[in-house]
Structures are given as structure tokens and as C-alpha cells.
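The values are calculated or read from the model by the stated rules, or taken from the named source; none is laboratory data. Quick caveat: nothing in here was measured; it's all calculated off a predicted structure. Don't worry about glycine lacking a Cβ; one is built from the backbone with ideal geometry, like all the others, and counts go over all protein chains shown.
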Amino acid sequence: MRIACIGAGPAGLYLALLMKRRDPRHQVDVFERNARGVTFGWGVVFSDQTLERLEAADPQSAARIAAGFAHWDDIEVHFRGEVQRSSGHGFIGIGRRQLLDILDSRARELGVALHYECERLPADDWSDYDLVVAADGINSRFREHRSDCFAVDIETRANKFVWLGTDRLFDAFTFIFERTEAGWVWAHAYRFAEDCSTFIVECSEATWRSLGLDRMSEEEAIALCERIFANYLDGHRLRSNAAHLRGAAAWPNFRRVTCGRWFDGRTVLLGDAAHSAHFSIGSGTKLALEDAITLSEVLNRADLPLERALEDYQAERSLEVVKLQNSARNSTEWFETLGRYTAFEPWQFAYSLLTRSQRISHENLRLRDRRWLESVERQFWKRATGIARSAPPMFAPFRLRDMTLANRVVVSPMATYSAADGVPNDFHLVHYGARAMGGAGLVFTEMTCVSPTGRISPGCTGLWSDEQAAAWRRTVDFVHANSDAKICLQLGHSGAKGSTQRGWEEADAPLADSNWPLIAASDVPWSPANQRPRPMTRADMDEVRDQFVAAARRSAEAGFDMLELHAAHGYLLSGFLTPLQNRRDDDYGGSLENRLRFPLEVFRAMRRAWPGERPMSVRISATDWAGDDGVTPDDAVKIARAFAEAGADLIDVSAGQTWAEAKPVYGRMFQTPFSDKIRNELGVATMAVGNITEIDHVNSILTSGRADLVALARPHLIDPMWTLRAAARQGYRDIRVPPPYLGGMAQLARLFEREAQEQPR
């Protein structure tokens, strides 16, 4: 093949040498518009796994790269005058210039034709080449020339940064956070050579402008950074190698690049030209080199047409890229929302920083540095109980008003559709009783409806009669007598999503017959197949409010420890909150303030009827997954604030299910960022829910301060003893076990202990 590589960065050079190594008959030309050795940035970071791939692809260049590596194991976080240092992270780094020299030299040895100071453009004649590889970086002109074909999506992130170097040698990957009169400024610093460290300075754009950095020369800006970080530079200077960028241009905003298609005809994208990953996770060069390895492999597969080879290249690389970009997005957002976390104690701030990308979890930190993690656990317990204790955070108690939970694991509200005429029965006794005895600190009921016409389905539980209250009392008494769990009743009204089949039938579909009339904020049906509801009148609002109040009083009499108002998932009150359902033009529609009016009226009336010593929560959908057309996460903060000011003790943070055409972005713990935002921007207690399935998820969420309680739904459906099992798995013994189950718990603990001992160290 005749191949033209545009760009002599790591991606272009590495692909060129790999192609020649695989088959010397390939003719490979590399075109670089800059002079040899000109580069932006200082050090790059690798993982041991990446090095293994390099060794397999080309042992000669890998050996030279390995010889130039700086190794370090620790991360240091400097925050509010304290230093948190954790070990076991296993970083390796090398200077970008040194890496390029190694790849350049190896490419020359193999016969690659290198053309520096040679600018080639997309419009040039490329007919002499079988393949044009666009490895021209994050600002790729070849990608932009055919942006529609490549389905390019570029997102400019919020923060400003400058990539500097220093001869101050840092023996750990060091994060330094300094508060200035204009706001927080921080550095990412690490040694990559015997005589040099990378020193990336980052801040919000508002802080950047307030400090005057937008008006400073390069020399002035560097001098200011030296003053800000003087306590850490020990008299050493900062310097730039971005001679092509002057003044404000030296402080870019990071650009996240994604492409729906990585090739078009005979042109293929490589490295940053196809995708970018934020510098805070240090994976850009890793992705570029691994792209080159895969592309060289597919191009040399026997009898494989070029188009099929390029299809295989994208298919084989895209999943890894998506995973890293998702991690990078999480990391980027943490730094962009730093203000949420600056009130944290240093230990929790450091923990939150280390786990920000979700690639590192609680138990992963334990494997890396048990001593440091145990110190964090002791601090978590000390804050919760006054006593320092190294124990799983999920088992620390939590207090809401006069209710103290034995632990922070919650059985999420889940519809069972198993009642008749709204009356809970033996199924509900067994269902909720089993999960309470299974060790959870708090058990939620399913959404219990305030009227017959407020039910989702004929199988929904209700609390509009004394008979229903008495049946609920039976379950509540059982929970209290046989467990340490508290039990919370969730009250709601179906609104436009009512009169439907049971969940295991055709979900959200109308009943085959005997449908009842529906009321809602507006006459917007859930879907074209669903009944069109009647817009509520003021008289309807009065009636529904009073139904909620009556149910609240009955729930208090039934002995429930806590009460939750369901204002999420497209049901009646949620329908008022979201503009996708609320099309009213009166005082209850239009602005968010107006849309909140009736849900707040209901909540305040319930709060007055509910005993003052018992807590109340509100479940909200923090996004409609509809962009600016629906409720946004910023709106959710305002909604949460309004309910908190009205007396809500906890915000149960869910998302979506508010309109039938929603396109949620799923993933593990995918709703937790909304809980994080509300909790740490408002300072209110929150509960996280949504694809939380593992012990590690729970401990990570709690310790990082992303929520105060963690609700698990489907895991509890299949395993009522989830919390007891989690206690046994972690060697935690201070949990109430029903006496008949003590033998089983002891055996389970022994099995897990034996399993742990058999694990390789």
C-alpha cells in the first residue's frame, strides 16, 4: 500500500513505523507542517497495560520508550492546608518530545519517509496514495474538511488551562488547589523526566478573567501562576513551549471531539483527529497509540478489502474509546463544578477527586492503599457517629429529624401491582417484611395512590380507606417487630399515566376495558395510545390536595416512620413540573415558579398533617432527557430548593420517565450525578438511585459525598437479603440478623472469608 500520514505526532509516527514493520513493501510518507521537534505539551502518561501493547506491537521502540519512563506510585492532593497522599496508583510518564524523537528515529530505521515543514491540505491531489491517514490532531483540518461525512461532534468545555513545565520535580502525581481573590486555581503536576515536570494550570473562565489572564502576555501570566503556586514550586520557574500560542490564546478551552464515522473513502481518522479525552485522565496519547496498533493490524489482514478493514478498525476501537471518553467526561465535569466540593473536608475532597471518573472505586482504592482508605472510612464514621471506625460507609447510621437509620442502604420504591381494590395483602406483608429482615436501613413502599382514579393500574395499593390503613398497619408492625429497618410510605397520583395494565403485562398501555377517567395538569396524553386526560380545575386541585392530606394522616396512624411525595416519572405532580406535560396558561403553567405552585401546595398541606418529628421526602425527576425543552438539571436544583424550603428533609433524586419519547443516557449509577449536583449545590440531603447494583457502588457514592442514602431497586427484587449479604461479604458483624437466620449468616460469612483468603495477593 501507498500510505500518506498527515501529522508527525505520536499517532502518525507510530502507525507509519508499524506499517513498515509489518510489511516493508508498504510505502509510507509522513507529512508534518511544523519543524522536527516542535510540539505542544510536556509529559504524557501511560499505564502498564498500554506498555504491554506497545511491546507486542514493536519491541524495539517499546524498549526505548520504557527506558525513558519516569515511574511514580503516589497521588498527592493539596487542599486547604492539608496533604492527602495515597499510594498504589502505578503511573509511568515520558516527555512528549522524547517520545516523538524515539518514534521518529524508529520510523527512519524502518524506511518511513518523513517530510517536516511540509504542509499538505485536504484539497491536494492524493490520487497517488491508497490511503490517507488524518493524524493531524484535535484541530484536524482533514476532519473538518469532511465534517458531515465523519459526523463530527465537538463540545467546547468550560474551563481554561495552560500547559506548562518546570524543573521542580514532583515525586507524586500532584494536585494543588489554591484559593485566590478571584476564585479557585489548581495545578496537575507530575515528573516525566529526570529534570522536568508537567505543570498544567486550570481554572474556570470566570476566575481566569477576574485574574486578568485574558489581558496578560505569556510572561505576565506565567509570573502570576508562579506567585499563586509559590509554596509548591520552591523557587523553581514555570515555562511554556507553546511558541505558536501567545497571550490569551495560550489558555484554550478543552475541545471534546467525537465522530460517528472514522473513515470516508480512502481517508481515515487517527488519534485526536477522531476522538479526544480530557487531559485530567491522561489517556489521549494512549488512545492514539492503541488506535495505530489496531489500524495497522486490520490493514494487514490477508484478503481484506480496504473498506472492510476500516470498518473493523472503527468497530474494534470504538467501545474502548467510548468508555474512556465517558470517564473523561466525568472527570472533566468534576473540575468544572469544583465549587460543589470545596466545602468538603480534605479527606473527602481527595476521595471525591480520586473517584471522579468512576474508573476507581472504593474497593479499588483498598487494593491500592488499604491504610489510606481505612483512614477515610474512620473519618466518615467519626462524622456520622462521633467515633472513628474503619468500617464500610454503607453501614454508618443516618438521621433525619427524630428518625435514625441503622444504615444507608435503601429498598427503593418499586411497583408490585399486586393489590385488590387498593388493599395490601399477604404478598405485601411478605415482600416488605422480607426486605426489612434482609438488613436494609430503610424500606420504601411502592407508590400508594390517594384515590381509586389516581391509581396507575387496578393492582396498585391505596390509602383512601380505613381498611387499607389497617392492612398497611399489619405490614408496618411486622417490620418494626422483626427488624431494625424503618419504613417509608410513598404517596402519589397517577395523572396522565393512570388506568393502565399491570407492569408485567403491556407497560403504560391502557386497560382492555373498564378504564376510568383521568385528570392531569393538561390534556396531554402519555402517548397516542393512551387516554387523553381532562385538565384539572381549581376544584379538582382542592380535592386531590385533600386526598393527599387524608392519606398522610392515615399513614401516620398506620405507624409509618417516614412519608414521601411522588413528584417524578410523569405522574400527576410530575406532570405539573415538566413543560412537556404542563401546557397551562394560568397561574399553574408557564414559568417554573408557576409549575411548582400546585405540587408545593400539596406538599405543604401534607407536611402540616404529618407529625413534625417524622421526616418527609420528595421524589423528583432531575431531567426529562429532553434538553432545554423539558426539566433540566439546573431546573431540578430549583425544584429541590423549593421543596427543601417547604420542609422536605430528603430529595429522592430520580430522572426521566416523564414523556414517552425520552432518550435517556443509561449506564452504571447513571442518575447519581443529579443527586451529586443537588446535594452539593444546595446542601440538602439526597438519595441516589438508578442502576446501582454493587456494594462498591454504594460505598463509593456515600464516601464521595454524592448522596446520603443509596437506593437499590432490582437487586432487592431478586435478593431480599442484599444488605445482609453485603455485610457478610465485607466482614461487618454489627448488623441485626433475625435469630432464625443466624446460622445461615455465619456460614455465609465463613464462605466469604475463605474466598478472600484464596484470592491471589
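The criterion of being on the phi < 0 side of the Ramachandran plot, of a type in the set (Phe, Trp, Tyr) and in contact with an Asp or Glu (Cβ under 9 Å, 6 or more places away or on another chain) does not hold for Phe192. Within the stretch 570-595, residues that are assigned by TED's automatic domain parsing to the domain that holds Asp508 and on the phi > 0 side of the Ramachandran plot reach partners that are among the hydrophobic types (A, V, I, L, M, F, W, C) and crowded, with 24+ Cβ neighbours inside 10 Å with beta carbons closer than 9 Å, at six or more positions or on different chains, in the pairs Gly570/Ala496; Gly570/Trp526. Identify, please: which residue in the stretch 530-552 is of a type in the set (A, V, I, L, M, F, W, C) and either in contact with a Phe, Trp or Tyr (Cβ under 6 Å, 6 or more places away or on another chain) or assigned to a helix (DSSP H, G or I) (or both) and is, among those, farthest from Ser465 (Cα to Cα)? Result: Ala539.
Kindly indicate which of Ser105, Ser127 is of a type in the set (S, T, N, Q), without any contact (Cβ under 8 Å) to a residue 60 or more places away in the chain and assigned to a loop (DSSP other than H, G, I, E, B). Going through Ser105, Ser127 in turn, the sole match is Ser127. Reported count of residues in the stretch 181-235, each being of a type outside the set (Phe, Trp, Tyr), assigned to a loop (DSSP other than H, G, I, E, B) and surrounded by 14 or more Cβ atoms within 10 Å (Cβ to Cβ), is 4.
Summed over the stretch 198-220, residues that are at pLDDT 95 or above and under 30 Å from Ala66 (Cα atoms) total 4. I'd like to check something: does the stretch 484-500 contain any residue that is assigned by TED's automatic domain parsing to the domain that holds Leu577, among the hydrophobic types (A, V, I, L, M, F, W, C), over 29 Å from Ala521 (Cβ atoms) and crowded, with 22+ Cβ neighbours inside 10 Å? The answer is yes, given that some residue of the stretch 484-500 is assigned by TED's automatic domain parsing to the domain that holds Leu577, among the hydrophobic types (A, V, I, L, M, F, W, C), over 29 Å from Ala521 (Cβ atoms) and crowded, with 22+ Cβ neighbours inside 10 Å. Given the criteria surrounded by fewer than 23 Cβ atoms within 10 Å (Cβ to Cβ) and either part of a helix (DSSP H, G or I) or hydrophobic (A, V, I, L, M, F, W, C) (or both), does Ala62 qualify? When the stated conditions are applied, Ala62 passes them. For the residues Cys488, Cys460, the requirement of being in contact (Cβ under 8 Å) with a residue 60 or more places away in the chain and either among the hydrophobic types (A, V, I, L, M, F, W, C) or outside any loop (DSSP other than H, G, I, E, B) (or both) singles out Cys488.
Can you confirm whether His26 is crowded, with 17+ Cβ neighbours inside 10 Å and in contact with a helix residue (DSSP H, G or I) (Cβ under 6 Å, 6 or more places away or on another chain)?
Values: crowded, with 17+ Cβ neighbours inside 10 Å: yes; in contact with a helix residue (DSSP H, G or I) (Cβ under 6 Å, 6 or more places away or on another chain): yes.
So His26 passes the test.
Being surrounded by 15 or more Cβ atoms within 10 Å (Cβ to Cβ) and of a type in the set (D, E, K, R) is the filter; apply it to the stretch 65-92 and report the residue that is farthest from Ser105 (Cα to Cα). Among those residues, the one meeting the criterion is Glu76. Annotation note: of Thr686, Thr658, Thr672, the sole residue that is buried (at least 20 other Cβ atoms within 10 Å of the Cβ) and farther than 27 Å from Phe380 by Cβ is Thr658.
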